[in-house]
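Quick notes on the structure that follows.
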Amino acid sequence: MCGIVGYIGEQQAYPILIKGLHRLEYRGYDSAGVSMINADGVLSVYKSKGKVSALEASVADKDISGTIGIAHTRWATHGEPNAINAHPHFSQSKNLSLVHNGIIENYKSLRIELEKNGMTFCSETDTEVLVQLVEYTQQQHGCDLYRATQLALKSVVGAYAIAILDKRNPDQLICARKGSPLIIGVGTNNGAGKGEFFLGSDATPIIEYTNKVIYLQDEEIAIMNRNGDLKITNLSNVKQTPQVHTLQMNLDELEKGGYAHFMLKEIYEQPNALRICTKGRLNIVDKDVLLSGIIDHKEKFVKARRIIICACGTSWHSALIGKYFIEEAAQIPVEVEYASEFRYRNPVIFPDDVVIAVSQSGETADTLAAIQLAKDKGAFLYGICNVIGSSIPRATDSGTYLHVGPEIGVASTKAFTGQVITLFMLGLAIAKEKKTLSEDMFHMLVDELQKIPDKMQWTLDHNKGIDNFAQMFTYARNFIYLGRGYNYPVALEGALKLKEISYIHAEGYPAAEMKHGPIALIDEEMPVVVIAPKRGMYDKIVSNIQEIKSRKGKIISVVTEGDTIVKGMSDYCFEIPDTRDCYVPLLAILPLQLLSYYVAIAKGRNVDQPRNLAKSVTVE
Ligand code: F6R
């Protein structure tokens, strides 16, 4: 949720830290701060409320000469967003400064104990407790900072990724993690006694400088030295051998590339992103599906009594589409669970269950906890994630990466369609092993699936003009989204997109549920978005539309190209190409993403950084 950047080396730290904060701003943006040990040995901390640009303005006349520093962009958990609660936090003596992602659950009892021992606090945050605890431990044990941090973290309950500066030792940067991600970038200038290290809560602030990274593991602590030495141990001081990975991400993927917002860029990227996602997995010549994550463990899937999919938010919506498809194609019962509910129930899990986690970030705290619970109960775990090397893929037995590229816009778009197409490939791969589809049907479904990226392109090209149309709906206080079958989850996702970036209340319903209550809401001011493709339950949805029309609701429909009946009943209509019923969600969601984008723009919202939201929800 929050973002961390760090640097130690020969370059000036400040420009690297600020650029990194800008890249991480999508993770949290209510306040930001930076700390450096400057040329005169002074440990400075500069912080401000608001965006990173506000921090930059406030630092304009300050000493920013240091070549070691840490920085943070915050999404408030404990304490309101203001400069005092922003990170980095000083220790009492001002010898140490610390940034933190995560939540310290026992911070209250630790704070009371520290206060009893004479430590005083400036902020309301759990983070300040950490830095004071490290300082107090160091004073009590008379040890070095590394050891003091190890000892202090042993008494901490909760999740953390931290980085610490010590003004008495300007050649060392210390970091540690448990439950929140932290990545060390190994600089290209390392060697001959010279060292350069970068630190990030994800790879985005690092990739510009190096693609060699080390993913710190839970309960590991690292010390990066200016001479190029790197030591990693666990909290019990047992040495760990770091594995250096090479990142494939490229810098262009982190830029807006001429689009006004990351969200818009990511909407338009979808056809190509899905081509990459299916490359080597959908075999056009043989009309086959090859998912190595399934092939390597096919017995688990063939024998699975049940599949449980755990996810949150948009990923939960894609999971629901996956459920419909897997049940239809592979004839395995599928349950879709909100990870946050699942983890606190005592769910029945059989050893022959397969539990799938769907997550763009691979770091969502609830999804991670849900699969850990399933693992303890003996299930086989499969991950469907986008961020390579993130916690969920590392915690699962097997899985499939989306490969849709970094998603920076807070509202998920290309990750959603990437998840849906991956779940389709997964369903087909299992169906092939289980022989639950005829050969003809299997080939036809594969063939049609590989045409989807081109049909997505058609949909984007033929739905220009949504920007003008969206202006008409800035007045609306509510929207209803309706769909049936495979398009019910699309209605949920369309409604979520609208509410999170335009702040207009929106609800998604199965269309036939309308008459069981929600129809009471319909009047001439209520826009109703209906997904009404030619296939599936077309006649039924036409009746549903009639029920709304006769109560004067405004109809915005998504129809198959050439449709006249629903088009004639609609106030506005988006067309999509014809496809199999099950694949409609991959096309129908596109105009709905654009609709929410343009309504939000017309209302003057910041679509890439909607209020109160953060991209990666690493706290409960
Ligand atoms: C909505 C959105 C969120 C995420 C949810 C899960 O646009 O992005 O609802 O889908 O927070 O995140 P991941 O997929 O990273 O687990």
| Pair list, Cβ < 6 Å and 6+ apart or interchain, from the stretch 532-558 residues that are in a loop (DSSP other than H, G, I, E, B) to residues that are β-branched (Val, Ile, Thr) | 533/560; 533/584; 534/560; 551/522; 553/522; 553/528
| field | Scan of the stretch 492-525 for residues that are in a helix (DSSP H, G or I) and within 15 Å of the ligand (Cβ to nearest atom), ordered by number | value | 492, 493, 494, 495, 496, 497, 498, 499, 500, 501, 502
| Among residues of the stretch 292-312, those that are part of a loop (DSSP other than H, G, I, E, B) and away from the ligand (no atom under 13 Å from the Cβ), counted | 5
| field | Matching residues, the stretch 55-76, being open to solvent by less than 60 Å² (accessible area, probe 1.4 Å) and under 26 Å from the mean Cα position of the chain (by Cα) | value | 55, 70, 71, 72, 73, 74, 76
| Can you name the residue in the stretch 580-620 that is among the polar types (S, T, N, Q) and either assigned to a loop (DSSP other than H, G, I, E, B) or at pLDDT below 95 (or both) and, of all such residues, is farthest from the ligand (Cβ to nearest atom)? | 606
| Every pair of residues 6+ apart whose Cβ atoms lie under 7 Å, when the first sits in the stretch 354-380 and is under 24 Å from residue 183 (Cα atoms) and near the ligand (Cβ under 8 Å from one of its atoms) while the second is acidic (Asp, Glu) and outside any helix (DSSP H, G or I) | 360/407
| message | Cβ-Cβ distance below 7 Å, separation of 6 or more or different chains: which pairs start in the stretch 247-260 with a residue that is free of Cβ contacts under 8 Å to residues at least 12 places away in the same chain and end on one that is surrounded by 15 or more Cβ atoms within 10 Å (Cβ to Cβ)? | response | 256/262; 256/265; 257/265; 259/265
| query | Do we find that residue 436 is out of contact with any Phe, Trp or Tyr (no Cβ under 6 Å at 6 or more places or on another chain), surrounded by 18 or more Cβ atoms within 10 Å (Cβ to Cβ) and polar (S, T, N, Q) in this structure? | reply | no
| request: Spot the failing condition for residue 393; the list is (1) farther than 28 Å from residue 185 by Cα; (2) in contact with a strand residue (DSSP E or B) (Cβ under 6 Å, 6 or more places away or on another chain), and only one is missed. | output: (1)
| task | Select from the stretch 313-335 the residues that are in a helix (DSSP H, G or I), closer than 21 Å to residue 348 by Cα and open to solvent by 20 Å² or more (accessible area, probe 1.4 Å) and write down the one among them that is farthest from the ligand (Cβ to nearest atom). | result | 327
| remark: Among 44, 31, the single one that is small (Gly, Ala, Ser), more than 23 Å from the chain's Cα centre (by Cα) and open to solvent by less than 40 Å² (accessible area, probe 1.4 Å) is 44
| query | For the stretch 280-291, which residues satisfy the criterion of being open to solvent by 70 Å² or more (accessible area, probe 1.4 Å) and without any contact (Cβ under 8 Å) to a residue 24 or more places away in the chain? | reply | 285, 286
| task | Among the candidates 469, 442, single out the residue that is touching a residue at least 60 places away in the same chain (Cβ under 8 Å), among the aromatic types (Phe, Trp, Tyr) and either within 16 Å of the ligand (Cβ to nearest atom) or touching a strand residue (DSSP E or B) at 6+ places or on another chain (Cβ under 7 Å) (or both). | result | 469
| Qualifying positions in the stretch 548-566 - surrounded by fewer than 17 Cβ atoms within 10 Å (Cβ to Cβ) and more than 36 Å from the chain's Cα centre (by Cα) | 549, 550, 551, 552, 562, 564, 565
| query | Regarding residue 131, is this residue over 21 Å from residue 32 (Cα atoms) and among the β-branched types (Val, Ile, Thr)? | reply | no
| remark: Given (1) modelled with pLDDT of 95 or more; (2) out of contact with any Asp or Glu (no Cβ under 7 Å at 6 or more places or on another chain); (3) of a type outside the set (A, V, I, L, M), residue 474 misses just (1)
| said: Please determine whether any residue of the stretch 477-491 is surrounded by fewer than 20 Cβ atoms within 10 Å (Cβ to Cβ) and out of contact with any Pro (no Cβ under 9 Å at 6 or more places or on another chain). | reply: yes
| task | Scan the stretch 193-208 for residues that are farther than 26 Å from residue 395 by Cα and either of a type in the set (S, T, N, Q) or free of Cβ contacts under 8 Å to residues at least 12 places away in the same chain (or both) and report the count. | result | 0
| field | helices (runs of 4 or more DSSP H) (entirely within the stretch 97-166) containing at least 1 residues that are closer than 21 Å to residue 233 by Cβ and open to solvent by less than 40 Å² (accessible area, probe 1.4 Å) | value | 126-141, 145-154
| remark: Those residues of the stretch 559-568 which are touching a helix residue (DSSP H, G or I) at 6+ places or on another chain (Cβ under 7 Å) and either over 24 Å from residue 455 (Cα atoms) or outside any strand (DSSP E or B) (or both) amount to 565, 566
| query | Considering only the stretch 472-491, how many residues are within 16 Å of the ligand (Cβ to nearest atom) and β-branched (Val, Ile, Thr)? | reply | 1
| Residue satisfying all of: in the stretch 336-353; under 22 Å from residue 429 (Cα atoms) and free of Cβ contacts under 8 Å to residues at least 40 places away in the same chain; farthest from the ligand (Cβ to nearest atom) among these | 351
| request: For residues that are away from the ligand (no atom under 13 Å from the Cβ) and either farther than 24 Å from residue 316 by Cα or not aliphatic (A, V, I, L, M) (or both), tally how many sit in the stretch 402-439. | output: 12
| message | Can you go through 300, 279, 265 and tell me which one is closer than 16 Å to residue 430 by Cα and either at pLDDT below 95 or not β-branched (Val, Ile, Thr) (or both)? | response | 300
| message | When you check residue 524 against the structure, is it open to solvent by less than 60 Å² (accessible area, probe 1.4 Å), in contact (Cβ under 8 Å) with a residue 24 or more places away in the chain, among the charged types (D, E, K, R) and farther than 30 Å from residue 30 by Cβ, yes or no? | response | no
| query | residue 453 passes all but one of (1) under 26 Å from the mean Cα position of the chain (by Cα); (2) away from the ligand (no atom under 16 Å from the Cβ); (3) open to solvent by 50 Å² or more (accessible area, probe 1.4 Å); (4) not small (Gly, Ala, Ser); which number fails? | reply | (3)
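The values are calculated or read from the model by the stated rules, or taken from the named source; none is laboratory data. Predicted model, so just to flag it, every value in this text is computed and none were measured. Counting neighbours? That spans all protein chains shown, and the Cβs are built from the backbone with ideal geometry, glycine included. The protein model used for the area step is the full one, side chains on, heavy atoms only, and it has no ligands, DNA or RNA in it. Shrake-Rupley method; radii C 1.70, N 1.55, O 1.52, S 1.80 Å.
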